[in-house]
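Every number here is computed from the coordinates shown, using simple stated rules; none is lab data. Here the structure is a predicted model, which is why all the values come from computation and not from measurement. Glycine gets a Cβ as well: all are built from the backbone with ideal geometry, and neighbour counts include every protein chain shown.
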Ligand SMILES: [Zn+2]
């Protein structure tokens, strides 16, 4: 058994804060609880329709049901309001919903590429960046950057999962510290890939727990720029290798397969100084949503030196 744990490559400081407890929601639907009438809506995959918890229509099978905090969110996911319980009534659509929807589609299509600036997304959607930013936070509870980071992490997890499956591994992909610990407690993995940056908590907690459950589990950790100290800490806690992002499935497999040669020594893919600088600049620039002046201030250099650096091509590695 094998497990790939990776999420939220970038700044997923907060995950989706408006998450619902699906069990409590389902209980309210089963009871047609009037107290929950406006608390959330439920959507049915087979009919693509969403309802209030109190809808008099026949209850769907649990497996087909998904819960959303608002009608806007259900509609963003492609569901239509029910004609019987009219879940829209009394709740005006959020004016930002169409913009957010287009932005999500734009980001979904680019999840395999690098970070996109807020300015670029706003340009594509045709709305002012602050409006788009506020609309995202209001409707989804996260910023466009956090949304994009979550999609990229999801895509990476899928790719890595497929690559490992193709090599005969039985893969379990999980998206949080809690899910990772639950999966490991059930069946401890032989190999584990852990991203040190997780939406809730630290990958170090996962490494510590995996090592405690089974000291023979080979653990490869993935780390971002400026986190080498954390990566070394993870090796102390039981990780066998660490790789600096960006990484692909081949590199992860190489780290696992290189075990006979470098059993006790962590392998590190060392990028050149120029490459690290370039990545650092791109990252900070993205954090500032493409604002060069702000990025220059954060980096402690002049605006014009930053512009000079930006006009150069990135070094390959
Ligand atoms: Zn209904």
| field | Three-way shape call for the range 159-203 based on the alpha-carbon gyration tensor, with the a/c threshold at 1.5 | value | oblate
| Cα→Cβ-extended label distance, 7 Å offset, between residue 229 and residue 58, nm | 6.2 nm
| said: Given the C-alpha atoms of the range 22-81, compute the convex hull and give its volume per residue in Å³. | reply: 71 Å³
| note | The FRET efficiency for residue 178 and residue 250, from their Cβ-Cβ distance with R0 = 25 Å and rounded to 0.05, is 0.25
| For the range 70-112, what D do you get in µm² per second when you plug the Kirkwood radius from alpha-carbon pairs into Stokes-Einstein at 20 °C and 1.002 mPa s? | 186 µm²/s
| query | When all C-alpha to C-alpha distances in the range 125-177 are sorted into bins of 5 Å, what percent of pairs does each bin hold, rounded to whole numbers? | reply | 4, 18, 18, 16, 12, 10, 9, 7, 5, 1
| query | Taking N as the number of residues in the range 97-141, what value does Rg over Cα atoms divided by 2.2 N^0.38 Å take? | reply | 1.04
| remark: Extension length gain for residue 294 and residue 155 (0.36 nm per residue less Cα distance), in nm, is 47.0 nm
| field | Geometric extent, Cα atoms of the chain - Rg, Dmax (angstrom) | value | 22.3, 66
| said: Run lengths n ≥ 4 of DSSP H only: what is the helix-derived mean residue ellipticity at 222 nm for the chain, with -39500 (n - 2.57) per run over all residues, to the nearest 500? | reply: -13500 deg cm²/dmol
